[in-house]
Structures are given as C-alpha cells and as structure tokens.
C-alpha cells in the first residue's frame, strides 16, 4: 500500500486552511495580523478582539460574522 497525498477536497472537508493564504490575510477592521486557532477553526485578531470563522477551509472575513472575544482584564 502506498502513501497517498490528500486531495484539495479532502483537505477542505477536514477544515484545513492553506498556510500561504493565512500569511496574506489581515483583519478587515484593523488591518492587523491574524492567528489561526486550529481547535476552534477561527482566525483571531488580538487587536480587534474578534475571531473570524473558517468554514470548509474558507475564512469568513466579515466583521458581522466574527465572534467577539472576551476582554482579558
């Protein structure tokens, strides 16, 4: 049995995000960097205190779709 490279469809269905794309994305509100939270499949903007969802491997970069993060007092 040979090792198979997963297809793009398999990667998307697993919720994986293209690393090169992540390097190019910024927060649409602050234009600051984003960090990928693999456990929650979200892109997190620390400056805006928002978490943008990633659905089927596609980042949803709309402020209206983002989840507000709690303040770290």
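Residue 68 meets each of the listed conditions (1) touching a strand residue (DSSP E or B) at 6+ places or on another chain (Cβ under 7 Å); (2) surrounded by 14 or more Cβ atoms within 10 Å (Cβ to Cβ) apart from (2).
In the range 30-43, the qualifying residues are those that are in contact with a strand residue (DSSP E or B) (Cβ under 7 Å, 6 or more places away or on another chain) and surrounded by 15 or more Cβ atoms within 10 Å (Cβ to Cβ), and the one that is farthest from residue 64 (Cα to Cα) is 36.
Every number in this text was worked out from the coordinates using simple rules, so none of it is lab data. Note that the structure is predicted; figures quoted are calculated from it, not measured. Positions of Cβ are backbone-derived with ideal geometry, glycine not excepted, and every protein chain shown enters the neighbour counts.
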